[in-house]
Amino acid sequence: MITDSENLMTIVKTDDKLSLLTDAIVEGMQNKKAKHIVSLDLRNLNNRVVDKFIICHGENDRQVEAIAREVEDHVFKTLNEKPWHREGFENKEWILLDYVNIVVHVFLQDKRDFYAIEELWGDAEIEEFKDFS
């Protein structure tokens, strides 16, 4: 039988893992001077598809690709995790890295403005991170 303390430990471990993954993703973005890095915490929303979105943008397609590759590399070096799914490397306008609990979105600024994910999930808790530009 599972006790309340065992359930609590599972929750703590999940939150710790989510926090570590968030930190590694943001550090990877900052390493390549991503712009306007934000985390949308969706855990308190009904019908959520994931725990968090972490979103940023780059100034051109080369920077968008560099940011996404650095996130992958940094997360792998730090936590030995690879994305479950990845897409967008062909066009380099919106690259998505799916880490199951966290989905990373790296945009060109005009695509970010057009799709406005932050507005679509406006009820989410938003955390902004420092840009290192």
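Can you name the number of the only condition in (1) within 13 Å of the chain's Cα centre (by Cα); (2) within 20 Å of LYS17 (Cα to Cα); (3) open to solvent by 60 Å² or more (accessible area, probe 1.4 Å) that THR78 fails?
Exception for THR78: condition (1).
Within region 1-41, restricting attention to residues that are assigned to a loop (DSSP other than H, G, I, E, B) and modelled with pLDDT under 95, which residue is most open to solvent (accessible area, probe 1.4 Å)? Break it down into steps so the answer makes sense when it comes.
Taking region 1-41 and keeping what is assigned to a loop (DSSP other than H, G, I, E, B), we get 1-3, 32-34.
If we keep only those that are modelled with pLDDT under 95 as well, we get 1-3.
Values: MET1: 220, ILE2: 116, THR3: 62 Å².
Checking each candidate, the answer is MET1.
Restricting the search to region 116-128, which residues are open to solvent by less than 50 Å² (accessible area, probe 1.4 Å) and outside any loop (DSSP other than H, G, I, E, B)?
Passing the criteria: ILE117, GLU118.
The values are calculated or read from the model by the stated rules, or taken from the named source; none is laboratory data. Because the structure is predicted, anything quoted here is derived from the model rather than measured. Keep in mind that these areas ignore ligands, DNA and RNA; they rest on the heavy atoms of the full protein, side chains included. Shrake-Rupley method; radii C 1.70, N 1.55, O 1.52, S 1.80 Å.
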